[in-house]
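Notes to accompany the following structure.
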Amino acid sequence: MLENIMDAMQPIVTTIVQDLITFIVLGLLIGYGLLKTKILSFIKNEMLHRIASEGFAIAETNFKELGSNGKYDEAFKYTSNKLGQFHIKVSEDEIKAAIERACLEYNTKKKVVIEKNKAS
């Protein structure tokens, strides 16, 4: 009698276990996809800011005779070209914001150095 009940339950238990395994694998794949997206987004953002900082530094150093708009144009060209080499697609507004951030960081550091020199 017990053996008949176990034989009848076998397909149900097998189906439940298979469904649980499927659910766990599906959850792992979704988690992997979300994590991969976040990591790639972080890397793209870091690359954007580092390249924009390089572009700003090059424009600030090599194009001193140009005004701020000319330096910005040179930094923008450098940044967009370099991002293109790495096949990183970002909007013009994102590039502009990254260059502006680099400029603000530079000016903040420059201000600290000037204030230190005045205090000395």
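The values are calculated or read from the model by the stated rules, or taken from the named source; none is laboratory data. These figures come from a predicted structure and were not determined experimentally. Using ideal geometry, Cβ is built from the backbone for each residue, glycine included, and neighbour counts are taken over all protein chains shown. In case anyone asks, the SASA skips ligands and DNA or RNA and just uses the protein heavy atoms, side chains included. Shrake-Rupley method; radii C 1.70, N 1.55, O 1.52, S 1.80 Å.
Restricting the range 97-119 to residues that are more than 22 Å from residue 76 (Cα to Cα) and of a type in the set (D, E, K, R) leaves a set whose member that is surrounded by the fewest Cβ atoms within 10 Å (Cβ to Cβ) is 118. Does the range 36-48 contain at least one residue that is farther than 22 Å from residue 80 by Cα and not hydroxyl-bearing (Ser, Thr, Tyr)? Yes, the range 36-48 contains at least one residue that is farther than 22 Å from residue 80 by Cα and not hydroxyl-bearing (Ser, Thr, Tyr). When 54, 3 are checked against the criterion of being of a type outside the set (Phe, Trp, Tyr) and open to solvent by 100 Å² or more (accessible area, probe 1.4 Å), a single residue qualifies: 3.
Listed conditions (1) open to solvent by less than 60 Å² (accessible area, probe 1.4 Å); (2) within 20 Å of residue 97 (Cβ to Cβ) are all met by residue 69, apart from (1). Restricting attention to the range 79-120, the residues being closer than 16 Å to residue 41 by Cα, in contact (Cβ under 8 Å) with a residue 24 or more places away in the chain and either among the hydroxyl-bearing types (Ser, Thr, Tyr) or in contact with a Ser or Thr (Cβ under 9 Å, 6 or more places away or on another chain) (or both) number 3. The set of residues in the range 64-110 that are among the aliphatic types (A, V, I, L, M), more than 11 Å from residue 52 (Cβ to Cβ) and not in a loop (DSSP other than H, G, I, E, B) contains only 104.
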